[in-house]
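Participant: Provided herewith is a single structure, encoded as structure tokens, for subsequent inquiry.
The values are calculated or read from the model by the stated rules, or taken from the named source; none is laboratory data. All values reported here derive from a predicted model rather than from experimental measurement. Glycine gets a Cβ as well: all are built from the backbone with ideal geometry, and neighbour counts include every protein chain shown. Surface areas here come from the heavy atoms of the whole protein model, side chains and all, with no ligands, DNA or RNA. Shrake-Rupley method; radii C 1.70, N 1.55, O 1.52, S 1.80 Å.
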There are 2 protein chains.
Amino acid sequence: MRFDLDRASPVPLYHQLASAIERAIQDGQLAPGSSLENEIALAQRLGISRPTARQALKSLVDRGLLVRRRGVGTQVSPAQIHRPVGLTSLYDDLEGSGQLPTTRMLDWERRQASVEEAEELELAAGVDIVAIKRLRLAGDEPIAVLTNLLPEMLAPSREDLERTGLYECLRERGYQPSVAKQRIGARTATAAEARMLEESPRSALLTADRVAYDDAGHVVEVGHHIYRASRYVFETTLFSR
Amino acid sequence: MRFDLDRASPVPLYHQLASAIERAIQDGQLAPGSSLENEIALAQRLGISRPTARQALKSLVDRGLLVRRRGVGTQVSPAQIHRPVGLTSLYDDLEGSGQLPTTRMLDWERRQASVEEAEELELAAGVDIVAIKRLRLAGDEPIAVLTNLLPEMLAPSREDLERTGLYECLRERGYQPSVAKQRIGARTATAAEARMLEESPRSALLTADRVAYDDAGHVVEVGHHIYRASRYVFETTLFSR
DNA sequence: TTTGAAAGAATGTCCTGACAAACTGTTGCA
DNA sequence: TGCAACAGTTTGTCAGGACATTCTTTCAAA
């Protein structure tokens, strides 16, 4: 098993090795259940130190791609466990459903925050916010209504948002959400919602309410999303500790 | 800031240090946003090597309790981010709702698996399984119906299950689920379900369907859980990568 | 007073080395 | 033949050391 490491690259060696192993797993060169050579031999063969090899292997263990047991060795995880790290990603919560969504802008409005909204965004009452409402479609079929609130000064313009995604816009503007707290729930649809989502009245909706924070703990964005339960589930991998 | 490390303890030093720092954060001795001493000084003061100290700090960074920046140092994460690693835990998916649940056994049945059930459990058709149905209550109020299917040979007895939780029983029997794939969805309740959960007919249910695997990739347990949407949400913390 | 460079501070990456713990396979003894 | 002990194998923990990168502060020059 060849892993090419480029010592002139700015990418750390452990990172290069982890990527190469991951690629080999995904290409099928490393089959689920198969054993890798031991870390001492691997390090020696690649001309790197053992802790460097360990760091690469550990990062893959943490992501569920490898399993390691003392006295036994390092193995590729069984096939069922081969997901990119088990979380619904902060950026791509639709991809778990295997659908390629498009997004249509329904509304973009600058206005004063209500008391509740200001509280959610951890802003003073009455400040200006931008409220964005979009429809998510898979093909021509609506699957979700996404409402997002942002402090005015962070908010992308309507034009920017029609060009690319909300988080991409935020990133371009130098605002990097790093953590989000999300609540997933369910309720029945209002008549307006049912119409918008092409469901029958009082059908079940899956809801996701989210507050995203930057590194300093400031609220970057609040999202209230509703999904057709008939068309959408959240998929998650859980690891025991 | 004192951290007592017991070198005679079988618990690894890095683990002891991580726990001590975590405790200090939770006790309020280390306030959100405050800086820890640098890793070199910390290691020196505690009489441990720098990589050992790093390992403790890294494990806390990975869990969102600390933030580290090159040139700046190590700080306690802002208060909003102080959750144990962001996933709904494999074992305690009710704890995020801040409720202390009790569990009532509704049914425990050994029978032959249907075709669909055998497929879910990755067993040959017609083999014996155990189907368990329980009601989860918060106080006297029902909040969830939990159905679990297990290969017969792994399944705890009815008596064991009334004494302790399913995962605890599995652990005692030497079966250790390590990964689970979960799908969270929503639908409206059937009349029987609504009655069981003391909700009105056709009210919204939050659903969780889960397959849990052991380290070797064998299915340990399949769960089909329904929750009253009026009483229950899944709370999750999402980290950007 | 402002701007740019240098110095100081701290984490990140990588190295060599050694011992402990856990697992598997082999051998010896009852 | 079966069981226990031992040997071999591999990962896990820990140590000491060095250099690179990134960030902040200070100092000097314009």
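Participant: Return the sequence-ordered ³J(HN,Hα) values of region B:105-119 in whole Hz as given by the Karplus equation 6.51 cos²θ - 1.76 cosθ + 1.60 applied to θ = phi - 60°, using x for Gly and Pro.
Facilitator: 6, 9, 7, 9, 9, 9, 7, 7, 6, 5, 4, 5, 5, 4, 5
Participant: For chains A and B related by rotation, which residue of A has the Cβ nearest the axis, and what is the rounded distance in Å?
Facilitator: A:186, 2
Participant: Using the Karplus curve 6.51 cos²θ - 1.76 cosθ + 1.60 with θ = phi - 60°, work out ³J(HN,Hα) for each residue of region A:228-234 in order, rounded to whole Hz, and write x for Gly and Pro.
Facilitator: 5, 5, 6, 10, 8, 10, 8
Participant: Return the calculated 222 nm mean residue ellipticity for chain A, to the nearest 500 deg cm²/dmol, obtained by summing -39500 (n - 2.57) across DSSP H runs with n ≥ 4 and dividing by the residue count.
Facilitator: Rounded to the nearest 500, it is -7000 deg cm²/dmol.
Participant: With solvent modelled as a 1.4 Å probe, how much accessible area in total do chains A and B shield from it at their shared surface, in Å² to the nearest 100?
Facilitator: Counting protein atoms only, the buried area is about 3800 Å².
Participant: Can you give the average number of partner chain beta-carbon atoms within 10 Å of each beta-carbon in peptide B:17-26, as a whole number?
Facilitator: Shielding by partners across B:17-26 averages 0.
Participant: Just counting partner chain Cβ atoms within 10 Å, what average do the residues of peptide B:181-192 show around their Cβ?
Facilitator: 6
Participant: Under 5 Å between amide H atoms, partner at least 5 residues away or on a different chain: which partners does residue B:33 have, H built in plane at 1.01 Å?
Facilitator: The list, which skips near neighbours in sequence, is B:76, B:77.
Participant: Here's another thing I want to ask about it. Can you give the relative contact order of chain A as a percent, counting alpha carbon pairs under 8 Å and 6+ residues apart?
Facilitator: Relative contact order comes out at 14 percent.
Participant: Taking Cα pairs under 8 Å and at least six residues apart, what relative contact order does region B:13-81 come out at, in percent?
Facilitator: For region B:13-81, the relative contact order is 39 percent.
Participant: I'd like the distance between the alpha-carbon centres of region B:1-55 and region B:130-183, rounded to an integer number of Å.
Facilitator: The distance from the Cα centre of region B:1-55 to that of region B:130-183 comes to 37 Å.
Participant: Here's something else I'd like to know. Just by accessible area at a 1.4 angstrom probe, what is the order of A:2, B:45 from largest to smallest?
Facilitator: Final ranking, largest accessible area leading: A:2, B:45.
Participant: Next question, about the same structure. Any lysines with Cα under 22 Å of the residue B:181 Cα? List them, leaving off those in the same chain fewer than 8 positions away.
Facilitator: The qualifying lysines are A:58, A:181, B:133.
Participant: Applying the Karplus parametrisation 6.51 cos²θ - 1.76 cosθ + 1.60 with θ = phi - 60° to the phi angles of region B:23-31, what ³J(HN,Hα) value in whole Hz is obtained for each residue in order, glycine and proline being reported as x?
Facilitator: Once rounded to whole Hz, the list reads 4, 4, 5, 6, 6, x, 5, 10, 7.
Participant: Relative contact order of region A:95-228, please, whole-number percent, based on alpha carbon pairs below 8 angstrom and at least 6 residues apart.
Facilitator: Answer for region A:95-228 is 23 percent.
Participant: Can you work out the FRET efficiency for the pair residue B:23 and residue A:105, with r the C-beta to C-beta distance and R0 = 41 Å, to the nearest 0.05?
Facilitator: E(calc), rounded to 0.05, equals 0.30.
Participant: To the nearest whole number, what is the average tally of beta carbon atoms from other chains within 10 Å of the beta carbons of peptide B:228-238?
Facilitator: Shielding by partners across B:228-238 averages 6.
Participant: Continuing with the same structure: Residue B:1 versus residue A:162, label points 7 Å from Cα toward the beta carbon: distance in nm?
Facilitator: Roughly 5.0 nm, to one decimal.
Participant: Radius of gyration and Dmax for the protein assembly as shown's Cα atoms, expressed in Å?
Facilitator: 24.4, 67
Participant: Shifting gears a bit: May I ask you to report, in nm to one decimal and beginning with the shortest, the distances from residue A:104 to the same position in the other copies, taking label points 7 Å along Cα-to-Cβ?
Facilitator: When each copy's label point is compared with this one, the spacings are 4.8 nm.
Participant: Using packing as a proxy for protection, rank B:177-190, B:147-160 so that the peptide with the highest average count of other Cβ atoms within 10 Å comes first.
Facilitator: My ranking of the peptides, most packed first, is B:177-190, B:147-160.
Participant: Using a 1.4 angstrom probe on the protein heavy atoms only, could you order B:163, B:111, A:70 from most to least accessible area?
Facilitator: Result of the area sort, largest leading: A:70, B:163, B:111.
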